[in-house]
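First the structure, in the form of structure tokens, and then the observations on it.
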Amino acid sequence: MRLFAALDLSDDAREALAEWWLEASAHLDVADWRDVPSRNWHLTLAFFGDVIGDDVAELADTLADCAANAGPLYLKLHGLGVFPGPERPRVFWAGVEEAGEANELKGLVRCCRHAGHATLRKREDRRGRGKESPFRGHITLARAREPFRPMNLNILRKLPPLPEMEWQVETLGLYQSILSPEGARYHTLEEFELNI
């Protein structure tokens with residue numbers, strides 16, 4: 001199973017972002033981009049790849065510990081962009097960062113990533129991997145269609161400002177990514193309550 005750890009949006013945040021995206025996405029060329037359904041929006045903290053057998057239960061136990069040790073966590077929308085860059089964009093995203101200065105998000109990301117490394121340390125496909133990329137909190141709103149064409153950055157400047165939205169996170173989720181020709185579907189395997 002292809003697994004990842006993520007935080008969900010509150011209903012209010014999802015609704016506000018969906019209203020904004022309805023207006024903002026009209027500025028993107030539908031020949032270049034396909035929307036990610038709002039039901040699939042989430043904030044990925046760690047991607048684990050294919051996990052099998054007893055590793056799934058071990059990973060879930062470790063993520064439960066991560067959640068139990070995380071303090072109250074408040075998030076907000078902040079910034080827009082494309083990955084990996086405008087020359088060959090693949091993902092259009094809305095940024096997410098921690099509201100306030102508690103640094104709980106960074107600690108939770110670090111714990112989730114460590115959970116993956118500790119649980120899957122003996123797997124062949126984890127050997128020889130380079131350093132993980134720095135965490136950039138984001139919600140994927142659209143994916144580029146092939147062939148990938150450069151993006152005019154003036155488009156970003158024309159978009160309406162993101163809604164000012166903050167929400168409290170109450171659970172950490174372990175999700176399965178199910179790939180299909182129509183796009184990925186995400187299935188919640190387990191949720192772990194944060195220490196709030």
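Every number in this text was worked out from the coordinates using simple rules, so none of it is lab data. Please read these numbers as outputs of a predicted model, since none were measured by experiment. With ideal geometry, Cβ positions are generated from the backbone for all residues, glycine too; neighbour counts draw on all protein chains shown.
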* To do: For the chain, report the convex hull volume of the alpha-carbon atoms normalised per residue, in Å³, without decimals.
  => 130 Å³
* **Disulfide-incompatible cysteines by the Cβ rule (no partner under 4.7 Å) in the chain** => Cys112
* To do: Compute the separation of the alpha-carbon centres of region 156-191 and region 60-76 and state it in Å as a whole number.
  => 17 Å
* **Span from the region 1-48 Cα centroid across to the region 87-119 one, whole angstrom** => 15 Å
* Structure fact -> Sorted largest first, the Cα spans of region 15-130 on the principal axes come out in Å as 46, 34, 25
* Structure fact -> Once both label points are put 7 Å beyond Cα along the C-beta direction, the Glu19-Glu58 separation in nm becomes 4.7 nm
* **CD proxy at 222 nm, helix term only [per DSSP H run n ≥ 4: -39500 (n - 2.57); per residue of the chain; nearest 500]** => -8000 deg cm²/dmol
* **Cα-projected label distance for Asp11 with Ala184, points at 7 Å along beta-carbon direction, nm** => 2.6 nm
* What residue among Ser25, Ser180, Ser133 shows peak mean-square fluctuation when the chain is described by a Gaussian network model with Cα springs under 10 Å? -> Ser133
* To do: Compute the length gained on full extension between Ala26 and Glu166: take 0.36 nm times their separation in residues and subtract their Cα-Cα distance, giving the result in nm to one decimal.
  => 47.9 nm
